[in-house]
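Notes follow the structure.
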Amino acid sequence: MQKKSRAKYFFLMPGVIWVLLFTLFPLVYSLLLSFTNARLAANRATEFIWLENYARIFSDIRVREVLTTTLFLVLGSTILTLILGTLMAWLFNHDIPGLRQLRAIITMPLFAAPIALGFLGVILFNETNGPINNILRGIGGPEAGVQWIINPVGARVAVLITDVWQWTPFVFIVALAAMQSVPEELVEAARLDTSSGWMIFRKITFPLIAPALGTVALLRLVETFKILDIPLTLTGGGPGSATQTYTFYTYLTGLREFELGYGSALAYLLVIIASIISGIYFSRVRARFE
């Protein structure tokens, strides 16, 4: 028995060591850094300044600017991906000829690296020869093109479209799986009472898939709040700072301006926000099932 017990711990050790080295240690170390004035290439000793970095966040004008951009992307991407993904799942849940063959094509953006999609977006949203502007000019004339990258509003919309393009397939997969798990007996019984497909969806299907969509919404909120790759490669955070998100600003502060202490404080505030959102959601889910 003792040999079996030792063998169990022996096989667990690699995973434990991995977690300690690459998860727990960075978390603890960055937490300690957030209470210091640590800065690379600074001609001064690192000192503990306790909560000064966190107080600085609330008076930092740039934080307010990047939070505005981040909230625009978070709300816009979450709402659009949920609507589009659920609508696509509803269509694919019906036996419409030819749709099944499109599943693989629709889900392709989900498996692409965000950096790759960002570089692809540079081509698609090119003001002069980009396919999107060429289509718009073909429909509305030579003046119908949009200044996607050099206009602040256009750049934000371009980042939003690219993020929605990548993550709508994720919502589609989850929503379709949830719809296909709805008992067919309930749907057939509802068809006897009403011929409206919309009423069946609203009264039967949607309430049953709502928990799955709620979980997806939470994941999208947290994931979009951390968005960095797409604005970094598509717009470089520009024009100016129009597409700099909260994570983008954290990246610039810590790894470009080398303010490790303040950058760590910014990162930990993001952890706190994500934890609060997750806590509220899971507390409501727990209360619903108790």
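The values are calculated or read from the model by the stated rules, or taken from the named source; none is laboratory data. Values in this document were obtained by computation on a predicted structure and should not be read as measured data. Cβ coordinates were reconstructed from backbone atoms using ideal geometry, including for glycine residues, and neighbour counts include every protein chain displayed.
So, of the residues in the stretch 24-44 that are part of a loop (DSSP other than H, G, I, E, B), of a type in the set (A, V, I, L, M, F, W, C) and modelled with pLDDT of 90 or more, which turns out to be surrounded by the most Cβ atoms within 10 Å (Cβ to Cβ)? Steps first, answer last, please.
Keep residues of the stretch 24-44 that are part of a loop (DSSP other than H, G, I, E, B), which gives 34-35, 37-44.
Going one step further and asking which of them are of a type in the set (A, V, I, L, M, F, W, C), we end up with 35, 38, 40-42.
Narrowing further to those that are modelled with pLDDT of 90 or more: 35, 38.
On the way: Phe35: 19, Ala38: 23.
Applying the filter and picking the extreme gives Ala38.
Answer with yes or no whether Ala155 is among the aliphatic types (A, V, I, L, M), farther than 24 Å from Ile106 by Cβ and within 19 Å of the chain's Cα centre (by Cα). Yes, satisfied.
Of all residue pairs spaced 6 or more apart or on separate chains, those with beta-carbon atoms under 6 Å, a first member in the stretch 28-48 that is farther than 16 Å from Thr250 by Cβ and a second member that is surrounded by 14 or more Cβ atoms within 10 Å (Cβ to Cβ) and among the aliphatic types (A, V, I, L, M) are Asn37/Ile49; Thr46/Ala38. The C-beta contact set for the stretch 81-94 (first residue assigned to a loop (DSSP other than H, G, I, E, B), second residue of a type outside the set (Ser, Thr, Tyr) and buried (at least 18 other Cβ atoms within 10 Å of the Cβ), distance under 8 angstrom, 6+ apart or interchain) comprises Asn93/Leu176; Asn93/Met179. Would you call Arg103 closer than 24 Å to Leu80 by Cβ and without any contact (Cβ under 8 Å) to a residue 60 or more places away in the chain? Yes; evaluated as a whole, the condition is true for this residue.
Check Ile280 against each of (1) more than 30 Å from Leu124 (Cα to Cα); (2) part of a helix (DSSP H, G or I); (3) touching a residue at least 12 places away in the same chain (Cβ under 8 Å) and name the one condition it does not meet. It is condition (3) that Ile280 fails.
Among the residues of the stretch 255-275, is there at least one that is in contact with a strand residue (DSSP E or B) (Cβ under 7 Å, 6 or more places away or on another chain), modelled with pLDDT of 85 or more and surrounded by 15 or more Cβ atoms within 10 Å (Cβ to Cβ)? Scanning the stretch 255-275 turns up at least one residue that is in contact with a strand residue (DSSP E or B) (Cβ under 7 Å, 6 or more places away or on another chain), modelled with pLDDT of 85 or more and surrounded by 15 or more Cβ atoms within 10 Å (Cβ to Cβ).
Looking at this structure, is Asn93 polar (S, T, N, Q), modelled with pLDDT of 90 or more and surrounded by 12 or more Cβ atoms within 10 Å (Cβ to Cβ)? No.
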